[in-house]
Structures are given as structure tokens and as C-alpha cells.
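Everything on this sheet refers to the single structure shown next.
Bear in mind that the values in this text are calculations on the coordinates, not laboratory data. This is a predicted model, so every value here is computed, not measured. Virtual Cβ from ideal backbone geometry, glycine too; neighbours counted across all protein chains shown.
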Amino acid sequence: MLLYFAGSMIMYEPTEECITDFITDGILKKLPVISDNPGFIRSASLLREPCPDKETCRKELVADYRRLFSPDGPALAIPRKSAFPADASTLTPDAGDFYDSYGWRSVPRGRVPDDHLGIELLFLTKLIDKYLQLDDEPCCCEMKKEIRRFIGDHLTGWLPEWNKRMQKHARSQYYKGISSMVLACTEDLYKIFDSQNKLL
């Protein structure tokens, strides 16, 4: 749910409903998620801060979204892997190839580039859902490898730099919290899905 929420806030301009559900009504406060990752702890504290005035929060988030992500604005923290050039030693296949290998089609795919963080987080949640439905140990082991491969190939290399840009340019505590949370969650998931980890 955290990744789905974060992906939505990055891919779409925040709506009044989203702000009411997640910030004003405190759904984020009620999530039973813990982590010893300092980035997660920091982001959780930012995201759990109450929003005293829904309309002020909405305006602040919309303005931040437009400054950070919109092609019509300065686009100070574009949430796409291709916005963070990699050296030749770290080049990986296109994320679309990974999606195609699972026969996955998202609603925004085609309108939003395959390397957009919102799409990548949505796909990652689908992989995790698929893993949770498996009851065969060899299949679970392979799916763990696939989740780690996706995170390693398509998120790990550029998310730290994107998070730095978000911390520098975001004006709202919520967008600062969202970017820190995305980075911390992907780091935690990469460790959790280690094939040596017997907890899953």
C-alpha cells in the first residue's frame, strides 16, 4: 500500500480525495509498517505529521507536484530513470522488457514512459502480490530473485540521486517524506527478498 500510494502521488497531480484519505484522515498514521532503516523512520515521521488545513495542504502539494514533476514546470526532480544518466557499466535492459516478460499491461502504460517511477512502483507491487500468492518453495525462490533483479536493474541505481533532488527542491514535508520512503522501502525489500532470507 505504501508503494501504491507513493507511485500515485508521483504519477498524478494530488486530488482532494487523495489528500483526505492519506493525509487529513491519517491513513498513513495507521499503517502497521515498521523498519529499522533510518530513511524509513525519517520519512514516516514526515508523513505522519497532521495536516491542519486540508485546502492549504492540497494547494501546497499541487504546487510541489507541478514544480517537481510536471513537464509544464521546471521539472526539478523528474521521476524517471532516464533522467539520471548511467555509465556504460551500469546499463540495463528497458523496464518495458521486464513488464512484457510478465505479460503486464498497466492502464497508464503508453501515456507514461516505462521508466517512470510511478509505473515501476506499480509493477513492483504486482510482483510482490504474485509472490505472496505462491505456495511452492521453488517458485517462491525464483520470484524472490526476480523481485531483487527488478529492484537492482531499475530502481537502485538512480533512486538515491532522485531522493537528493527531492530533499533539495520539494517544499512540502509530504513530498520529502514520499521520496525518502520510496528509497527506504526499495532498500528494505531488496534485503527482505534475499534468497537466503527465510522470513518470507
| query | Which ordering of C139, C57 is given by a fewest-first count of other beta-carbon atoms within 10 Å? | reply | C139, C57
| Label-point separation in nm, R48 to T15, each point 7 Å along Cα→Cβ | 2.8
| request: Per residue, how big is the convex hull around the C-alpha atoms of the range 134-200? Give it to me in cubic angstrom, could you? | output: 83
| message | Can you list residues from other chains, or at least 5 along the same chain, whose modelled amide H is less than 5 Å from the amide H of S70? | response | A75
| field | Where only C-alpha atoms are counted, convex hull volume of the range 2-192 per residue in Å³ | value | 131
| Label-to-label distance, nm, for residues given as Q173 and I41 (7 Å Cα→Cβ offset) | 1.8
| query | Around V112, which amide H atoms from residues at least 5 apart in sequence, or from another chain, sit under 5 Å from its own amide H, with H modelled in the peptide plane? | reply | none
| message | Run the numbers for M1 and C139: contour at 0.36 nm per residue of separation, minus the present Cα-Cα distance, in nm. | response | 47.3 nm
| remark: Counting only DSSP loop positions in the range 100-146, the trypsin sites (Lys or Arg not before Pro) whose Cβ has at most 10 other Cβ atoms within 10 Å are R105, R111
